[in-house]
Amino acid sequence: MANTIRAFTGPSLHEVAMPIGGIGTGTISIGGRGQLTDVEIYNRPWKGNAPRNTFFALWVKSRGKPAVTRLLEREYLPPFTDRGGGGFDNGRAAGAPRMREAVFRGAYPFATLELSDPDVPLQVELEVFNPFIPLNADDSSIPCAVFVWRFTNPTRQPIEASLLSAFCNPVNRLKLGRDGWDAEVHGYDPGGSMNEARTGDALSGIYMSNPSIEPASEFFGSAALAFVGATAGLSHTLQTHWYQGGWWDGLQMLWNDFSADGRIEPVMEPFSAAAGRFLECSLCAPFTLKPGESRAFTLVLTWHFPNLRNYWNPGEGEGVSNAMLRTWSGARWRDAWDVAEYVAGNFERLERETRLWRNTLFASTLPAAVLDAASSQASILRTTTVLRLADGRVHAFEGCHAGGGCCPMNCTHVWNYEQALAFLFPALERTMRLTDFTHNTDADGKMSFRTLLPLSSGRFWNFVAAADGQMGTVLKAYREWQLSGDDDFLRAIWPGVKRAVEYAWSEANPHAWDRDKDGVMEGRQHNTYDIEYFGPNTMMGALYLGALRAAAQMAAYLGEPDKAAEYQSLYESGRRNIEQWLWNGEYYQQKIEVSPLLLVPADLQSPHDPFPKYQYGKGCLSDQLLGQWLSHVVGLGYVLDPKRVRKAMRSIFKYNWRTAMRSVPNMQRVYALNDEAGLAICTWPKGGRPELPTVYGDEAWTGIEYQVAAGLIYEGEVDAGLRIVEGVRARHDGIRRNPWNEFECGNHYARAMSSWSLVLALSGYQYSAPAQSMSFAPRVNAANFRCVWTAGSGWGAYQQRVTPSGASATVRVDYGTLTLRELNLGGLKLGKKASLPSGATARRERSGVKVMFDPPLILQAGEGVTLKL
């Protein structure tokens, strides 16, 4: 597993910051040097918020040598200036001695930090994580960060040591600027915060609150820092507050006290901060290590901010603007100490199941860059991009700006690309479909592609429908049904699904997407590039074909054969027309035309071109087969001619992939530059670039790059797909960018979660709960393959081995359950001496082997089935 985990050290630590927190709870990031940064626990983003006087420190005393005190962070990396033109402010303890070097390894949700210093005779390691257990959404939504410090004595002499944790009470009012999705946070308005020493079962620490803040306020909340488990029973000392002097007296007194003998003076009484003052606290645990001995200390930091104000829709009026919402974690727990007690009481299970997931994922034989991309961007689920409200539903921004969520809320066309939530926490993804089809789809079938909160307001976002978002959401509805097999869910959304599909040709659709009902979108098509395409194109067209196929299958399952036949006939008509109209011999292009039913607004009229602005025409669009990629992901197979799809994918790589972006003139936003590799969104290899081409066309978006990479892999172009993935991750190397933050219009951008489709494409994984069918067809390392799989009821690992004497395949369940009627094994052959479990039969298929189980095979956690073929 170690060979598949990236390591960062020296200058590459500079940009590293892994977010740690639960789904919808906000996060605190662990930086590459070991520092805590980006404290975003207030139900809004706050990039750059470094907590005041918050750190871990170590005191060490070897026999016959002077004591050494170090902050448990690597030394600062340049530059050594701040925006004000001065040095470091006194709230960072920047001048305190630190460890000389660090090695940071991230295998999300675990971060491991190894710290070293020539004057510190101990081996020092920190492991940080938050419970992350796919399918267990509730235990993956805990507002906490767990810190496990491990110290080892490699010498031949006993060593005295002490661990100190210092933390500043974070419960203060915030200084806010303007509201809106580009909201600003200017800092804290401190005062009134209160610290109390508390103990509980396997728990000992400090509870932090602020009684001066009203319970209904968005700033109301609490935090806790505590030793947990066996650590809580060890000898330790608490300080509820530091010395209350002027200047930096408190920090100086703490340093003097701790560095003298590795102890701190106990201060146990509750204490409240005066107006305008911050309130720091400390925990200290002295210990002795014999030669060769190791000891671990576990601390948990929890937070609880139950109130979320809708600051992102300032112009939507009463009932929406400034509406106060309740978070899921706010409804689940009373306060941060309640959270800490839950973590302490369930710690062994939470850690074990989280570690089991990490080990199952990273034990894979998938390429390291793929595991890195898929795991790192799954962290987006736990950033302030994602909200989880008291009713359990998930809502989400597209990404996060420095002080506010970007582009609210549940944007259907951006979330078309996301696959991590759908495959890791499918129950939460289904809540998004419920919002899409039972709330946001009106009686005519128009789907609002953004959501106004609270849903109880009954308000809809007043904007045009998004053609790609609406059709993609139908495909996602099919995906959710296939993963869950939940017929009640399908029946609940089905009326909305039908209206959404039929809106394409409805008279109520003013943009006449498919008014002539020929299976091709030709009208005005708003899309994820924030523009309108006019005329047939496969970006919208393939999504439409996929939606029709998906709707036909759902209709047939629900006993509506007439609807199924209507949708299937329309799909077949559309496919014929698209192949005839848009294929140019190398790829699919756009046929720019404006329906006589439409009037092009003045602001969309091109200065000189005889067609509207922002079209791509003869261009090679990287997203031209977005709908084909999504159809593969959800299990529908090809919606366009397979041979042409393969050739078009090759053309996208040939024309749009650049090994160095310095040759691409880009007057737009820049996400890849100089010597960096990147995939341009559109190029014009056959000429015909409009004077004002498709917006964002010269940019490189990681979400599209992963989508194209997976599309190439689905078509057997594995090397090309992996080159793209490796190029993207090389741009996020810790020097140039943060490996756990792929941004687009905002940080932690949801589109990047298309990276999970790489796992699906390389393993050839498909799952259908209604059919109780699972399929694998590895496209890499097929002779010795191992990969994680996730389904609606369980997850585990698939492994296959191929030798000259035969092949074997094993499906193992690590969590939950799995019921199988059939298992399809692509690329394998059935031999005469096949060995199958009782009740199983097998037959040769064109693509491999089909194994059938009668009665169905039911596997529980810890069980598996091995087939010798």
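Per residue, how much accessible area does the chain have with a 1.4 Å probe, in Å²?
Details: 30070 Å² over 869 residues.
Per residue, the chain has 35 Å² of solvent-accessible surface.
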Legend entry - the range 21-136 - percent relative contact order, Cα under 8 Å, separation 6 or more: 20
Inset, instruction - Can you spot the lysines whose alpha carbon is less than 30 Å from Lys868's alpha carbon? Ignore those fewer than 8 places along the same chain. - result: Lys829, Lys832, Lys833, Lys850
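Once fully extended, how much extra length lies between Ala556 and Tyr638, figured as 0.36 nm per residue of separation less the alpha-carbon to alpha-carbon distance? Don't skip to the answer; put the middle values down first.
On the way: separation 82, 0.36 × 82 = 29.52 nm, distance 1.92 nm.
Contour length minus Cα-Cα distance gives 27.6 nm.
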Legend entry - Compactness relative to 2.2 N^0.38 Å, alpha carbon Rg of the range 304-391: 1.50
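Please give the FRET efficiency for Thr817 paired with Gln123, using the beta carbon to beta carbon distance and R0 = 56 Å, rounded to the nearest 0.05.
Given R0 = 56 Å and the Cβ-Cβ separation, E is 0.85.
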Legend entry - Pairs beyond 22 Å (Cα-Cα), from Lys498/Lys647; Lys476/Lys618; Lys65/Lys290: Lys498/Lys647; Lys476/Lys618
Legend entry - the range 456-506 and the range 278-342: distance between their alpha carbon centers, rounded to Å: 35
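How much FRET efficiency would the formula 1/(1 + (r/R0)^6) give for Asp338 and Ala230, where r is the Cβ-Cβ distance and R0 is 22 Å, rounded to 0.05? Before the final figure, lay out each step's value.
Working: r = 22 Å, r/R0 = 0.99.
For R0 = 22 Å, the calculated efficiency reads 0.50.
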Legend entry - Ordering of 166-174, 264-272 by packing [mean C-beta count within 10 Å, highest first]: 166-174, 264-272
Inset, instruction - Could you let me know the centre-to-centre spacing of the range 583-639 and the range 666-730, using Cα atoms, in angstrom? - result: 17
Legend entry - Dimensions in Å of the chain - Rg and Dmax from alpha carbons: 28.2, 92
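Rounded to the nearest 20 debye, what is the charge dipole size of the chain about its Cα centre when +1 sits on each Lys and Arg Cβ and -1 on each Asp and Glu Cβ? Don't skip to the end; give the middle numbers.
On the way: 86 positive and 89 negative charges, 530 e Å.
Using Cβ point charges on Lys, Arg, Asp and Glu, the chain gives about 2540 debye.
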Inset, instruction - Between Asn346 and Asn462, with labels modelled 7 Å along Cα→Cβ, what's the label distance in nm to one decimal, could you check? - result: 4.4
Inset, instruction - Quick one: check the C-alpha center-to-center distance for the range 119-192 versus the range 1-45, whole angstrom. - result: 10
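Rounded, prolate or oblate: which fits the range 468-559 when a ≥ b ≥ c are the square roots of the eigenvalues of the alpha-carbon gyration tensor, with rounded for a/c under 1.5 and prolate only if a/b beats b/c? Don't skip to the end; give the middle numbers.
Details: a/c = 2.26, a/b = 1.83, b/c = 1.24.
Prolate shape, in that a/c is at least 1.5 and a/b is the bigger ratio.
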Inset, instruction - Give, in nm to one decimal, the length gained when the segment between Met667 and Asp487 is fully stretched (0.36 nm per residue of separation minus the Cα-Cα distance). - result: 59.9 nm
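Under the rule a/c < 1.5 gives rounded, and otherwise a/b versus b/c splits prolate from oblate, where does the range 723-869 land using the Cα gyration tensor? Spell out each step's value before the answer.
Numbers: a/c = 2.77, a/b = 1.89, b/c = 1.47.
Taking the square roots of the gyration eigenvalues as a ≥ b ≥ c, the range 723-869 is prolate.
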Inset, instruction - Over all alpha-carbon pairs of the range 654-742, lay out the pair-distance distribution in 5 Å bins, whole %, shortest bin first. - result: 3, 14, 25, 24, 19, 11, 4, 1
Legend entry - Phi to ³J(HN,Hα) by Karplus 6.51 cos²θ - 1.76 cosθ + 1.60 over the range 145-162, Hz, x for Gly, Pro: 9, 9, 10, 10, 8, 10, 10, 10, 9, x, 8, 9, 10, x, 10, 8, 8, 7
Legend entry - Highest to lowest packing among 373-383, 195-205, 210-220, 303-313, scored as the average C-beta count within 10 Å: 373-383, 303-313, 195-205, 210-220
Legend entry - chymotrypsin sites (Phe, Trp or Tyr not before Pro) within the range 6-86: DSSP coil, no more than 11 neighbouring Cβ in 10 Å: Phe80
Legend entry - Selection from Phe287, Gly317, Val339, by position along the positive dipole direction of the range 287-356 (Cβ): Phe287
Legend entry - Student exercise, the range 712-767 dipole from Lys, Arg, Asp, Glu Cβ charges, in Debye to nearest 20: 240
Legend entry - Apportionment of accessible area to carbon and sulfur, the chain, percent (1.4 Å): 50
Inset, instruction - Take the Cα atoms of the range 34-119, build their convex hull, and give its volume per residue in Å³. - result: 133
Inset, instruction - Work out, step by step, the length gained on full extension between Ser835 and Trp247: first 0.36 nm times the residue separation, then minus their alpha carbon distance; give nm to one decimal. - result: 204.0 nm
Inset, instruction - Order these peptides, 221-231, 668-678, by their mean beta-carbon neighbour count within 10 angstrom, highest first. - result: 221-231, 668-678
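Would you work out the relative contact order for the chain, in percent, from Cα pairs under 8 angstrom that are 6 or more residues apart? Write down the numbers at each step before the final one.
Values: 2197 pairs, mean separation 94.7, N = 869.
Dividing the mean separation by the residue count of the chain yields 11 percent.
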Legend entry - Pairwise label distance in nanometres, Asn577 with Ala368, each label 7 Å out on the Cα-Cβ vector: 5.0
Legend entry - Spacing of the two label points (7 Å from each Cα toward its C-beta) at Leu77 and Leu597, in nm: 5.6
Legend entry - Within the chain, helix-based [θ] at 222 nm, where runs of 4 or more DSSP H residues each add -39,500 (n - 2.57), nearest 500: -7500 deg cm²/dmol
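The values are calculated or read from the model by the stated rules, or taken from the named source; none is laboratory data. Just so it is clear, the structure is predicted and the values come from calculations on it, not from any experiment. Virtual Cβ from ideal backbone geometry, glycine too; neighbours counted across all protein chains shown. Remember, those area values only see protein heavy atoms, side chains included, never the ligands or the DNA or RNA. Shrake-Rupley method; radii C 1.70, N 1.55, O 1.52, S 1.80 Å.
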